[in-house]
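First the structure, in the form of structure tokens, and then the observations on it.
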Amino acid sequence: MSVFDQPLRGLVLAVLAACQPALAGPAPSDPESFLYTPLPTSGNVPFRIDVSSPRFEFRSGISPYAAFHLPEAAGTYLIDVISFLDPPADPSRSRVFYPSVALLSESFLLVRASDGVAWRFDLPELGQTTAPAYRVTVAVEKGGPERYLIVYTQHDEATRRLPGAAETGNLMLKVTRQPDE
């Protein structure tokens with residue numbers, strides 16, 4: 001790099017830094033101001049996390065996220081957060097949004113959160129998914145304190161080292177109501 005390229009490089013980096021907030025989705029400062037999509041009592045909810053998704057500073061760093069309101073009906077639910085590999089044909093070269101889950105109370109306080117050890121990798125031949133995907137499953141108990149579910153990705157050292165870690169991805173929530181006991 002020549003001496004003349006140095007100022008230009010600095011200018012480009014400054015412009016990119018100034019544009020970064022404009023390229024990213026909104027950044028609410030409080031989970032109470034998130035827009036929460038209501039979840040059905042049963043079924044699949046496809047969604048995408050991309051550059052236009054809102055961002056929040058979680059304990060592990062800033063991440064795009066999607067927020068959901070848990071079903072109102074009484075009962076126990078299993079919620080699968082499925083994050084598909086892109087492209088699915090070659091998992092060794094795919095990118096994936098490694099999902100983490102935060103469950104909040106009615107007062108928007110953290111009740112519990114998943115970590116990386118909760119991930120499970122599924123291939124289509126097992127019948128759990130239609131394409132290669134990472135999955136996190138959480139149970140929401142009848143009468144429990146959880147009211148909201150937030151899907152994000154952790155930005156800790158362990159997640160950054162994972163193959164194909166991406167800031168975007170195609171995901172799906174699979175909500176299954178459990179039979180009353």
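The values are calculated or read from the model by the stated rules, or taken from the named source; none is laboratory data. Because the structure is a prediction, the values reported are computed rather than measured. We place every Cβ from the backbone using ideal geometry, glycine too, and count neighbours over all the protein chains shown. What goes into the accessible areas is simple: the full protein's heavy atoms, side chains included, and nothing from ligands, DNA or RNA. Shrake-Rupley method; radii C 1.70, N 1.55, O 1.52, S 1.80 Å.
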Output the Cα-based Rg and Dmax of region 47-181 in Å, rounding Rg to one decimal and Dmax to a whole number.
14.9, 44
For residue 84, solvent-accessible area (1.4 Å; no DNA, RNA or ligand), Å²
40
Within the accessible area of region 57-161, what % is carbon and sulfur when the probe is 1.4 Å and the other protein chains stay in place?
53
Just want the answer: with Cβ charges of +1 for Lys and Arg and -1 for Asp and Glu, which residue in 131, 94, 158 is farthest toward the dipole's positive end in region 57-172?
158
Roll a 1.4 Å probe over the protein chains and send me the accessible area per residue for region 54-181 in Å².
51
